[in-house]
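A.B. asks: Pasting a structure here, questions to come.
Read the figures in this text as sums done on the coordinates, not as results from a lab. Keep in mind the model is a prediction, meaning the values are calculated, not measured. With ideal geometry, Cβ positions are generated from the backbone for all residues, glycine too; neighbour counts draw on all protein chains shown.
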Amino acid sequence: MTELSAALLYALAWLVGHLPAPLRRALAGAVAWLWGRLDARESRVARRNLELAFPAMPAAERAALQRAILRNTARQALDTLQIWTGAPAANLARIRELHGVELFDAALASGRGLIVAAPHHGNWELLNQWLAARTPLAILYRPPESAVGEAFLRRVRADAGERVTQVPAEGAAAVRQLLKRLQAGGVVGILPDQQPKVGEGEFAPFFGLPALTMTLLPRLAARTGAAVLFAWCERIGDGEDYALHLTQAPAAIAGPDPEVAVAALNGAVEAIARRDPAQYQWTYKRYTLRPSGRGEDNPYRAIERRRR
């Protein structure tokens, strides 16, 4: 039953993903409008995140940015359906600009392993396909709560075949698998801006506010000596094309002090998000966990109370 449900989900994703590009854009605009009109979860979380990250921004400017974020979020979701169900060659043809590929090639040639830090900016699924076309890699991901969602994810990422190993972010077993890959000179992809569990991170500033940040990536870099690059696929203008960027990570990420390392990690992610804030994933609750002893409440609790 799980596989059948996943197959039905895939069929729906294929239908939406194969709509003509202008129709997909119009549908994304309608979804974004509906989110705003109903003050859906996406709208509420984006608004609260912008209040936290840009407190000095005029209210009208924040509202305009919120609307742009909702449009980009909806468009990103529909683009991802197209990327998941379309031919990889056609997907990769949408990448019209390449920046920093020489850093990637040099890291591969070094043979000391490579960690690709891919923030939630632009289209990370298109980035995954570009990476898989260049080299085998393991990607760390947070499994969906439902078995159907997990089966669907494995189905839509199946085109990469054995070139992509999906590693569930589940404790010591995941760490061992990633370590083994890096120590053999392989490539690992990690989304560095997901809030980890308590005990698996350190607090560091992110847009001026303490955010619990993973220590896994810095620990892997320090223990293996692997190179660390940041990578993202950013939409060019309002069209269908993307620019792929790779940049060198700050050396402090692999340093011995975990607080300094996570601060460098967040600083690099923030710099990418500031390039075009509308393309960053502001619909994610990044600040739910607060530092102990400071008396701070979950900043999203108020918007949930207002909704009820």
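A.B. asks: If a helix is a whole DSSP H run, which ones in the chain reach 20 Å or further along their own axis (Cα) and hold a mean Kyte-Doolittle hydropathy of at least -1.0?
C.D. replies: Numbers: long enough: 2-17 (22 Å, 1.42); 21-38 (26 Å, 0.59); 59-85 (39 Å, -0.19); 258-275 (26 Å, 0.57).
For the chain, where a helix must reach 20 Å along its axis and average at least -1.0, the hits are 2-17, 21-38, 59-85, 258-275.
A.B. asks: While we're here: Under the 0.36 nm per residue contour assumption, what length would be gained going from the current alpha-carbon distance of Glu51 and Arg275 to full extension?
C.D. replies: Values: separation 224, 0.36 × 224 = 80.64 nm, distance 1.84 nm.
Stretched out fully, the Glu51 to Arg275 stretch lengthens by 78.8 nm.
A.B. asks: Note down the magnitude of the dipole of segment 2-307 about its Cα centre, charges +1 on Lys and Arg C-beta and -1 on Asp and Glu C-beta and zero elsewhere, to the nearest 20 debye.
C.D. replies: That gives a dipole near 580 debye.
A.B. asks: Just going by the charge dipole of segment 2-307, with Lys and Arg at +1 and Asp and Glu at -1 on Cβ, which of Trp232, Phe206, Leu246 is farthest out on the positive end?
C.D. replies: Phe206
A.B. asks: Quote to one decimal, in nm, the extra length available between Ala7 and Glu240 on full extension: 0.36 nm per residue of separation minus the C-alpha distance between them.
C.D. replies: Numbers: separation 233, 0.36 × 233 = 83.88 nm, distance 2.72 nm.
Extra length available between Ala7 and Glu240 comes to 81.2 nm.
A.B. asks: How many nm is it between the label spots at Val260 and Trp14, if each spot is 7 Å from the Cα in line with the beta carbon?
C.D. replies: 5.4 nm
A.B. asks: I want the local charge near Phe54. Using Cβ-Cβ distances under 13 Å, sum +1 for each Lys or Arg and -1 for each Asp or Glu among the other residues.
C.D. replies: Details: positive: Arg47, Arg48, Arg62, Arg274; negative: Glu51, Glu61, Glu270.
The answer is +1.
A.B. asks: Got the relative contact order for the chain handy, in percent, Cα pairs under 8 Å and 6 or more residues apart? Before the final figure, lay out the partial values.
C.D. replies: On the way: 502 pairs, mean separation 73.0, N = 308.
Once divided by the residue count of the chain, the mean separation gives 24 percent.
A.B. asks: Still on this model: Based on Cβ point charges of +1 for Lys and Arg and -1 for Asp and Glu, what charge dipole magnitude is obtained for segment 31-109 about its Cα centre, in debye rounded to the nearest 20? Kindly include the intermediate steps, with their values, before the conclusion.
C.D. replies: Numbers: 11 positive and 8 negative charges, 102 e Å.
Computed about the Cα centre, the dipole is about 480 debye.
A.B. asks: For the chain, what does -39500 (n - 2.57) per DSSP helix run (n ≥ 4), summed and divided by total residues, give at 222 nm, in deg cm²/dmol to the nearest 500?
C.D. replies: On the way: 12 runs with 157 residues, N = 308.
About -16000 deg cm²/dmol.
A.B. asks: Antiparallel versus total DSSP beta bridges in the chain: what percent is that, nearest 5?
C.D. replies: 40 percent
A.B. asks: From Cα pairs below 8 angstrom and at least 6 apart in sequence, can you work out the relative contact order of segment 190-308, rounded to a whole percent? Show your work: numbers first, answer last.
C.D. replies: Values: 152 pairs, mean separation 29.9, N = 119.
RCO, segment 190-308: 25 percent.
A.B. asks: More than 29 angstrom separation, counting every C-alpha pair in the chain; what % is that?
C.D. replies: Details: 17510 of 47278 pairs.
Here the long-distance tail beyond 29 Å is 37 percent of all Cα pairs in the chain.
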